[in-house]
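**Q** Provided herewith is a single structure, encoded as structure tokens, for subsequent inquiry.
The values are calculated or read from the model by the stated rules, or taken from the named source; none is laboratory data. Here the structure is a predicted model, which means the values were calculated and not measured. Note: ideal-geometry Cβ built from the backbone for every residue, glycine included; neighbour counts use all protein chains shown. Ligands, DNA and RNA are excluded from the accessible area calculation, which covers all protein heavy atoms including side chains. Shrake-Rupley method; radii C 1.70, N 1.55, O 1.52, S 1.80 Å.
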Amino acid sequence: MKNSEDLEKIINSELTTKINNSKIKHDQLYINIDEKNLMDVIFFLKTNSESKFRQLIEITAVDYPEKDRRFKVVYLLLSHENNKRIIVDYNIKENEVVSSITSIFPSANWMEREVFDMYGIEFKNHPDLRRILTDYDFKGYPLRKDFPLTGKVQNISKIRKKINDKRKKNIKSKLWSSASRCSWSTKTYTRAGW
């Protein structure tokens, strides 16, 4: 089992040009990278025989509206073999599109969708990037610091009316199809002389 200092040395020696800085805090390794190096760094951390960070635990973001590079995107990985966690992060501007890591960690699918839904950060090459927690018609991104705390409520009565209209339509179509089956059955029996 490797200690945090050994892992930091291994990772820094292999990825020298791709890591901006690294530190150990609370026995966890933190590394800061540029977004363009994300795929290489994540692939190395997962496949390297020394690091063995084979489980993606979380992807999230932090909003700093006062900064030019507004968002910090954060990846938390776990190595069961080394019993260590690593936190990889990078900063991006507001409308910058970042790489999806679903090709390396398929479990990133829903996590990236959540980050997209809550912060509006888009992931290129994502297989199904759409909202996952809010309604498709929802406007805005709730975890951004500039999202208003009041005034962005959905009109519940309109939503209920939509749902009720769909239910009525479904019930009518089911009744109509069962009624047409009954009339067909009756005609069949009548023609057969019953």
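**Q** Yes or no: Asn91 among the polar types (S, T, N, Q) and in contact (Cβ under 8 Å) with a residue 60 or more places away in the chain?
**A** Numbers: among the polar types (S, T, N, Q): yes; in contact (Cβ under 8 Å) with a residue 60 or more places away in the chain: no.
Judged against the criteria, Asn91 is not a match.
**Q** Output the number of residues of the range 120-141 satisfying the condition of being in contact with a strand residue (DSSP E or B) (Cβ under 8 Å, 6 or more places away or on another chain), open to solvent by less than 20 Å² (accessible area, probe 1.4 Å) and over 18 Å from Asp40 (Cα atoms). Walk me through it before giving the result.
**A** Residues of the range 120-141 that are in contact with a strand residue (DSSP E or B) (Cβ under 8 Å, 6 or more places away or on another chain), as a first pass: 121-125, 129.
Remaining after also requiring open to solvent by less than 20 Å² (accessible area, probe 1.4 Å): 121, 123.
Filter once more, keeping what is over 18 Å from Asp40 (Cα atoms): 121.
So the answer is 1.
**Q** Condition test on Lys52, is it over 19 Å from the mean Cα position of the chain (by Cα) and at pLDDT 95 or above? Walk me through it before giving the result.
**A** On the way: over 19 Å from the mean Cα position of the chain (by Cα): yes; at pLDDT 95 or above: no.
Against the criterion (over 19 Å from the mean Cα position of the chain (by Cα) and at pLDDT 95 or above), Lys52 does not qualify.
**Q** May I ask you to list the residues in the range 121-163 that are hydroxyl-bearing (Ser, Thr, Tyr) and modelled with pLDDT of 85 or more?
**A** Within the range 121-163, the subset hydroxyl-bearing (Ser, Thr, Tyr) is 134, 136, 141, 150, 157.
If the condition is that a residue be hydroxyl-bearing (Ser, Thr, Tyr) and modelled with pLDDT of 85 or more, then Thr134, Tyr141 are the ones that fit.
**Q** Could you please find all residues in the range 77-117 being closer than 22 Å to Leu143 by Cα, over 14 Å from the mean Cα position of the chain (by Cα) and open to solvent by 70 Å² or more (accessible area, probe 1.4 Å)?
**A** Answer for the range 77-117, where residues must be closer than 22 Å to Leu143 by Cα, over 14 Å from the mean Cα position of the chain (by Cα) and open to solvent by 70 Å² or more (accessible area, probe 1.4 Å): Lys93, Glu94, Asn95.
**Q** Then there's this: Tally the residues that are surrounded by 17 or more Cβ atoms within 10 Å (Cβ to Cβ) and either without any contact (Cβ under 8 Å) to a residue 24 or more places away in the chain or outside any strand (DSSP E or B) (or both), restricting the search to the range 1-36.
**A** So in the range 1-36, the residues surrounded by 17 or more Cβ atoms within 10 Å (Cβ to Cβ) come out as 2, 4, 7-8, 11, 15, 18-19, 22, 29-31, 33.
From what is left, the residues that are either without any contact (Cβ under 8 Å) to a residue 24 or more places away in the chain or outside any strand (DSSP E or B) (or both) are 2, 4, 7-8, 11, 15, 18-19, 22.
Result for the range 1-36: 9.
**Q** Looking at (1) without any contact (Cβ under 8 Å) to a residue 24 or more places away in the chain; (2) farther than 15 Å from Glu58 by Cβ; (3) not acidic (Asp, Glu), which one does Ser100 not meet, given that it meets all the others?
**A** The single condition Ser100 does not satisfy is (1).
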